[in-house]
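In what follows, a structure is listed as structure tokens, so that the remarks can point back to it.
The values are calculated or read from the model by the stated rules, or taken from the named source; none is laboratory data. Please read these numbers as outputs of a predicted model, since none were measured by experiment. Positions of Cβ are backbone-derived with ideal geometry, glycine not excepted, and every protein chain shown enters the neighbour counts.
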Amino acid sequence: MSAYFRPRMPGACIFFTVCLAARGDRLLVDEIDRLRSAVGLTRRARPFHVDAWVVLPDHMHAVWTLPEGDADYSVRWGAIKARFTRSLRDDCRAGFHPENAKRTGHAVGWNPTLRKSASKARKGDAGIWQRRFWEHHVRSAAEYEALVTYCWQNPVKHGFVAQPEDWPYSSMHREMRLRRA
């Protein structure tokens, strides 16, 4: 087993990349309301400030600032992932089935037949998310600006839109509203 160390700096500003296990999937944008709900519930239980966030079909980038005295971003990501997954599972139990969703054009959602590694199966992992995420503690104002810009430019980089403001799943829209107000 690898020894993986994550820095713990209370009140830190941190850049994250969080990915689905199935790269190339569209689950995050197809189920954006579930993701927003999971994030909202988690922020109410364990507050943090969203400096920037962009959701792409199979991964997302975010810049968060944690509250003073709090360094527990891993618990927050775990809660967001768990709430999102639980929401998909609940729909599946209520009659949602991925094959029906494909035929009707609705989001595919959680696939109970998804092939999982033995390790994920042992841990009860649904197989939706990559187990870990990437984080980087922001060290300067210039780095902060570069990472926020990276979030907002990412849909352009991936060829989804020509201009960052054309991507609907970005905190850039919140910033634009605040600047106009």
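Here are some notes:
- Filtered residues of the stretch 126-181 (kept if more than 18 Å from the chain's Cα centre (by Cα), basic (Lys, Arg) and either part of a loop (DSSP other than H, G, I, E, B) or closer than 27 Å to Thr85 by Cβ (or both)): Arg139
- Screening the stretch 133-164 for residues that are of a type in the set (D, E, K, R) and surrounded by 13 or more Cβ atoms within 10 Å (Cβ to Cβ) and picking the one that is farthest from Leu66 (Cα to Cα) gives Glu143.
- Matching residues in the stretch 35-53 - criterion: being under 11 Å from the mean Cα position of the chain (by Cα) and over 22 Å from Leu147 (Cβ atoms): Ala38
- The residues of the stretch 166-179 that are among the acidic types (Asp, Glu) and modelled with pLDDT of 95 or more amount to a single one, Asp166.
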